[in-house]
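Since the structure comes first, as structure tokens, the remarks are kept for the end.
Read the figures in this text as sums done on the coordinates, not as results from a lab. Every value quoted in this text rests on a predicted model; they were computed, and no experiment measured them. Here the Cβ positions follow ideal geometry from the backbone for every residue, glycine too, while neighbour counts run over all protein chains shown.
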Amino acid sequence: MFALAATPVAFQVANEPEKKEERISFRVSRVTKEILEKASEIKGRTLTDYVVSTAREAAMKEVQEHTQLVLSEMEKNAFFEALMHSPEPSVKAFEELEQARALFGTL
């Protein structure tokens, strides 16, 4: 099993050695195989390398998009909670507001 580590730019696979011990087997139509072979030739890769790397990139994108949606929902909820349960402004905050008004006019 591997762990996904969130970074601002993308997700990275953490603690996963690059040993290729697992297998995935699937059947495709002749036309699909021909298209994949042509694309792999264009990219200068083997069919296996092309399919695996393309599938992995798509999967990582899905995971990242899903995580962004989940985080966005969590962040929205946290922001709403902070607005609804924010503390009253302190006396110091009011004093600083008055100083700013004196310097810059009405804010």
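Using a simple spin-label model with pseudo-atoms 7 Å out from Cα toward Cβ, LEU69 and ILE42 lie 2.9 nm apart.
In this rough spin-label picture, where each label sits 7 Å from Cα along the Cβ direction, the ASN77-LYS92 distance is 3.3 nm.
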